[in-house]
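One structure below.
The values are calculated or read from the model by the stated rules, or taken from the named source; none is laboratory data. Computed from a prediction, not measured in an experiment: that's the story for all the values here. Here the Cβ positions follow ideal geometry from the backbone for every residue, glycine too, while neighbour counts run over all protein chains shown.
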Amino acid sequence: MFLDYLALVILLAGLLMVFYVFVYIHDLPYNIAKSCNHPHAEAIHTACWLSLFTLHAIWPIVFIWSKTHQPDTQATTAAGADGRITDLEARIRKLENPSQ
C-alpha cells in the first residue's frame, strides 16, 4: 500500500516538473526580450501565449524576434564619453590653476 502512494507522489512530482519546464521554455523569448530591454517585449510575451493555440508553430519565430534587438551601444558610449571628457577637462583646469 505504501508503494502505491509513493508511486503516486513520484508521478505527481514528475508531472509538476514537466509542466514547470514547459512553462519555463515557453516564456524563454519573453525573458530574453525583457533582459535586453527589447522595445516589443510585451508583444513578444503575448505572442508566446498565442503560440499555445498554434501548437507552438510560431514559437521559433517569436524566439528569433526576441533575439533580433541590438541595444544602441553607440548612444550609451557617447553619453559616457561626454561625461568622462567633462571630468578630464575639470581635472586639467584644476592642474593648470592650483589656486582654485
Asp27: at pLDDT 90 or above, of a type in the set (D, E, K, R) and either surrounded by 10 or more Cβ atoms within 10 Å (Cβ to Cβ) or in contact with a Pro (Cβ under 8 Å, 6 or more places away or on another chain) (or both), yes or no? yes
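To keep it simple, each residue is scored yes or no on (1) assigned to a helix (DSSP H, G or I); (2) in contact (Cβ under 8 Å) with a residue 24 or more places away in the chain; (3) of a type in the set (Lys, Arg); (4) surrounded by 10 or more Cβ atoms within 10 Å (Cβ to Cβ).
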position: Asp4; (1), (2), (3), (4): yes, no, no, no
position: Ile32; (1), (2), (3), (4): yes, yes, no, yes
position: Asn37; (1), (2), (3), (4): no, yes, no, yes
position: Leu55; (1), (2), (3), (4): no, no, no, no
position: His69; (1), (2), (3), (4): no, yes, no, yes
position: Pro98; (1), (2), (3), (4): no, no, no, no
